[in-house]
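S.K.: Handing you this structure, nothing more for now.
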Amino acid sequence: MTKSIIKQTRQPPSEIKPNKQYDLFRTLYGDANNLSNTIELWDAIPKYSASARTQNKLRDSKGNLPVYEQQFEYRPTVEGLPDRIQCKVTIRPASIRNKDGSFTQYYPSTDEELIEEVLKKIFTDQNFGVHSVAPEESWVKFSLYKIQKELQSRGKTRSLDEIKRSLEILSLATYELTLQGKTSGKADYTNTILSDMIRTTKSDYLEDPSSLWCARLPALVSKSINKLSYRQFNYAKLMSLPNQLSRWLHKRMSHQFVNASLLQPYNILYSSIERDSGLLHHSRKQRNIETVDTSLEHLREADVLMSFKKEEQRHGKTIMDIKYFLQPTMTFINEIKAANARQRDHQTELIRDGQRPKQLER
């Protein structure tokens, strides 16, 4: 008789020593309800670039998807790394069981992007997050209703079934990240977005209404917490934006535009947006340019940008590239100043405690 082997799901540590790194990660300068953290490298990965429309085009008659690859450029803000690192992310889709017993494959997309942001927000609450310095890992505890309530409060309503499906996709789709300069051909990082997910059933909930799901966050998030390579940003503003590209632009500016001022606009090329976001899928370049312009208009309406202008780089009548000049508002500038002050204070506090943060290792 063949023995069935069941892989044991890891559990969060039963006892965690209080640690300064997690305390600092949860300490936000301003209205904590509307603030969260961007994560160095992790949030630079175009994890959600395959839209539902793109997936439908790629899916075969059985609902299967090919392995998806996206090149992008990572611009570190921590010291000791090159200014730019060329990267590739490879995404293996999640197979999700349908109600009729069949399976359909999915890449993580818009819904999963929003739920990851909610989970990271929940993680900052000491009652729902667990972070260990050694071993280096982070866990988040949550309920489906807590996610749903948070999404509703931010104008992104999803049903419980939609949330459950997104959680399954986040726990099953696999990412492989490769940085330039590797000679072995092996990925630098391979994992799902949520690991070791522990689910509660309806009967669990009826027996104990406080019962929670639990999942381990990516190692790159844990590493960033320990190295202080994250930055505060306006989570409420991000969640209010209506499309993925406007959210991507907002987060990129929040993390990269550390010297924001009225005298110095943020400059970015259309080609950089296309490559690094992975969100411009239309076959006609002009339609993609219109998508960028619309997303920038969303940022202007949301009081992130005062204005923007663009400079087309042409060869004859052909647009080769576009340089965008983004003028931030005082509201956004003040948010960046608060994030800068927080980062300086946190680094000083760790140094004072004899825990100078080491920079991210490649």
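The values are calculated or read from the model by the stated rules, or taken from the named source; none is laboratory data. Remember, predicted model here, so these are calculated numbers, not experimental data. All Cβ positions, even for glycine, are placed from backbone atoms using ideal geometry, and neighbour counts span all protein chains on display. We work out accessible area using only protein heavy atoms, side chains counted, and drop any ligands, DNA or RNA first. Shrake-Rupley method; radii C 1.70, N 1.55, O 1.52, S 1.80 Å.
S.K.: Looking only at region 103-129, count every residue that is assigned to a loop (DSSP other than H, G, I, E, B), farther than 17 Å from Ser51 by Cα and either among the aromatic types (Phe, Trp, Tyr) or open to solvent by 20 Å² or more (accessible area, probe 1.4 Å) (or both) and tell me the total.
M.R.: Of the residues in that region, 4 qualify.
S.K.: Would you check if there is a residue in region 232-242 being open to solvent by less than 30 Å² (accessible area, probe 1.4 Å) and touching a Pro at 6+ places or on another chain (Cβ under 8 Å)?
M.R.: No, because not a single residue in region 232-242 is open to solvent by less than 30 Å² (accessible area, probe 1.4 Å) and touching a Pro at 6+ places or on another chain (Cβ under 8 Å).
S.K.: Would you mind finding the one in Leu228, Leu245, Leu269 that is modelled with pLDDT of 95 or more and surrounded by 17 or more Cβ atoms within 10 Å (Cβ to Cβ)?
M.R.: When all the criteria are applied, what remains is Leu245.
S.K.: Still on this model: Determine which single condition Glu69 fails, assuming it passes every other condition in (1) touching a residue at least 40 places away in the same chain (Cβ under 8 Å); (2) under 26 Å from Leu280 (Cα atoms).
M.R.: Of (1) touching a residue at least 40 places away in the same chain (Cβ under 8 Å); (2) under 26 Å from Leu280 (Cα atoms), only one is false for Glu69: (1).
S.K.: Name the single residue that is nearest to Arg287 (Cα to Cα) among those in region 248-271 being of a type in the set (Ser, Thr, Tyr) and assigned to a helix (DSSP H, G or I).
M.R.: Tyr270
S.K.: Which number in (1) more than 19 Å from Thr54 (Cβ to Cβ); (2) assigned to a helix (DSSP H, G or I); (3) not β-branched (Val, Ile, Thr) marks the one condition that Leu245 misses?
M.R.: For Leu245, the failing item is (1).
S.K.: Pull up region 318-344, narrow it to residues that are without any contact (Cβ under 8 Å) to a residue 24 or more places away in the chain and more than 15 Å from Ala260 (Cβ to Cβ), then point me to the one that is nearest to the chain's Cα centre (by Cα).
M.R.: Filtering first and then ranking leaves Arg344.
S.K.: Further question: Failed condition for Lys156, given (1) open to solvent by 50 Å² or more (accessible area, probe 1.4 Å); (2) basic (Lys, Arg); (3) touching a residue at least 24 places away in the same chain (Cβ under 8 Å); (4) more than 21 Å from Ile39 (Cα to Cα), with all others met?
M.R.: All conditions are met except number (1).
S.K.: So, one more: Do you know which residues across region 130-142 are surrounded by fewer than 18 Cβ atoms within 10 Å (Cβ to Cβ) and either more than 21 Å from Tyr22 (Cβ to Cβ) or hydroxyl-bearing (Ser, Thr, Tyr) (or both)?
M.R.: None; the set is empty.
S.K.: I need the full set of residues from region 130-151 which are basic (Lys, Arg) and in a helix (DSSP H, G or I), in order please.
M.R.: Lys146, Lys149
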